[in-house]
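Working notes for the structure below.
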Amino acid sequence: MVLHDHSVPNFPQNLAIRPSDIDPQFINGTKYARSFGFEGQQESIGKYGIAGRVWEAAYALTTYLDRHGTLDFDPPFIPDCNELEHQSFRIIELGSGTGIVSALMGETIARPQRDVIFATDLPEVCPLIEHNLRDLDRDVVRVRPLSWGNHEHALNILDELQKSGLEQGISHIICSDLVYFPELLGPLLRSLIQLSSPPFALSEPVTVVISYKVRSLAKETPFWSAFGTWFTFSPVLAKLRDGPHRDRWERFGSKLEGPVYVFVARRRPESFVWSVPADDWELLQGCGSRAGYDTFETLMLLSVMEEDDDDDDNEVQT
């Protein structure tokens with residue numbers, strides 16, 4: 001029998017989860033089918049708790065990042081595929097868990113001697129990511145510890161970037177299904193602010209991509225309110241590339257259970273001169289910054305309107 005410390009975030013009290021039975025197209029019949037499929041998740045959950053499951057928002061994010069899929073996005077992750085040869089990706093994924101998102105990026109986006117992806121999580125989760133990403137180029141996809149709010153972990157990655165000759169700094173921060181435990185929301189926001197500030201962000205604004213499934217608005221809204229103080233963000237839109245509805249844009253994730261959002265965010269220019277509170281509670285309360293942004297509340301209202309429109313469409317069709 002394996003005993004787990006329930007004070008560790010990945011093993012909350014009364015943990016009772018089962019593997020996801022979603023079968024994403026990009027792992028079908030591939031070397032990843034074992035790691036990210038039902039049996040692989042089941043084994044990983046036993047060893048690593050919630051980090052061993054592939055959560056719903058991760059599937060949405062892999063769809064968004066897959067430029068060979070059936071959807072067009074606004075904004076796309078890669079703005080101009082014709083200019084891909086002139087672009088360089090320096091990506092940090094926070095809370096990588098199983099590593100499924102970094103696996104997709106490593107297979108379809110990253111190129112040797114040009115791009116680098118840091119798949120990060122708690123130190124005790126890194127062995128899981130190492131195992132699942134073992135067939136990828138270790139110079140391109142690097143597994144590193146990065147506990148949220150841990151300044152030393154972040155500086156270790158910065159030092160590695162600089163020693164690798166990647167002085168441009170970070171280009172993207174990737175997150176999926178990280179907004180759930182209230183006690184971790186302050187450290188998460190702290191890491192997002194640090195990694196999108198100099199010396200991590202240098203030659204260009206860092207793009208933050210967050211895939212998020214709504215679970216408890218009462219617990220999650222404080223994070224988004226504080227996040228919107230430091231970052232501008234908007235939901236990704238999507239449309240089919242072919243078919244009768246190819247000209248119809250809608251919010252990506254609106255038809256998924258949750259609902260699910262994929263947000264693209266960048267730092268507010270004025271926020272670079274603000275003081276970051278040392279206390280997590282004060283950070284989530286907006287102390288040290290200029291409050292008053294209500295992006296998330298507006299998006300939630302629009303989601304209600306989307307649901308009403310869908311109900312009206314269904315009534316017309318029946």
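Out of the residues in the range 91-114 that are among the charged types (D, E, K, R) and surrounded by fewer than 21 Cβ atoms within 10 Å (Cβ to Cβ), which is nearest to Gly169 (Cα to Cα)?
For the range 91-114, the residue satisfying everything is Arg114.
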Of all residues making up the range 97-116, the number that are assigned to a loop (DSSP other than H, G, I, E, B), touching a residue at least 40 places away in the same chain (Cβ under 8 Å) and polar (S, T, N, Q): 1
Flag if Glu85 is more than 26 Å from Tyr261 (Cα to Cα) and not hydrophobic (A, V, I, L, M, F, W, C): yes
Inter-residue pairs, beta-carbon under 8 Å, first touching a residue at least 24 places away in the same chain (Cβ under 8 Å) and in the range 216-229, second among the β-branched types (Val, Ile, Thr), 6+ apart: Glu220/Val179; Glu220/Val214; Phe223/Val179; Trp224/Val179; Trp224/Thr295; Gly228/Thr295
When residues of the range 287-311 are limited to those that are of a type in the set (Gly, Ala, Ser) and modelled with pLDDT of 65 or more, the one surrounded by the most Cβ atoms within 10 Å (Cβ to Cβ): Ser289
Residue check, Phe252 under 23 Å from Ile22 (Cβ atoms) and at pLDDT 90 or above: yes
Qualifying residue in the range 123-136 (condition: touching a residue at least 24 places away in the same chain (Cβ under 8 Å), more than 11 Å from Thr98 (Cα to Cα) and touching an Asp or Glu at 6+ places or on another chain (Cβ under 8 Å)): yes
Residue list for the range 236-286, filter: of a type in the set (Ser, Thr, Tyr) and loosely packed, with under 14 Cβ neighbours inside 10 Å: Ser275
Hits in the range 130-156 (condition: over 18 Å from Thr108 (Cβ atoms), touching a strand residue (DSSP E or B) at 6+ places or on another chain (Cβ under 6 Å) and not in a loop (DSSP other than H, G, I, E, B)): Glu130, Val143, Arg144, His153
Flag for Phe77 being assigned to a strand (DSSP E or B), at negative phi and not acidic (Asp, Glu): no
Count of the range 155-201 residues which are within 25 Å of Ser88 (Cα to Cα) and more than 17 Å from the chain's Cα centre (by Cα): 20
Residue ID - nearest to Gly37 (Cα to Cα), chosen from residues in the range 67-112 that are modelled with pLDDT of 95 or more and of a type in the set (S, T, N, Q): Thr98
Qualifying positions in the range 175-202 - among the acidic types (Asp, Glu) and surrounded by fewer than 18 Cβ atoms within 10 Å (Cβ to Cβ): Glu183
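The values are calculated or read from the model by the stated rules, or taken from the named source; none is laboratory data. All figures in this text were calculated on a predicted structure; none of them were measured in a lab. Don't worry about glycine lacking a Cβ; one is built from the backbone with ideal geometry, like all the others, and counts go over all protein chains shown.
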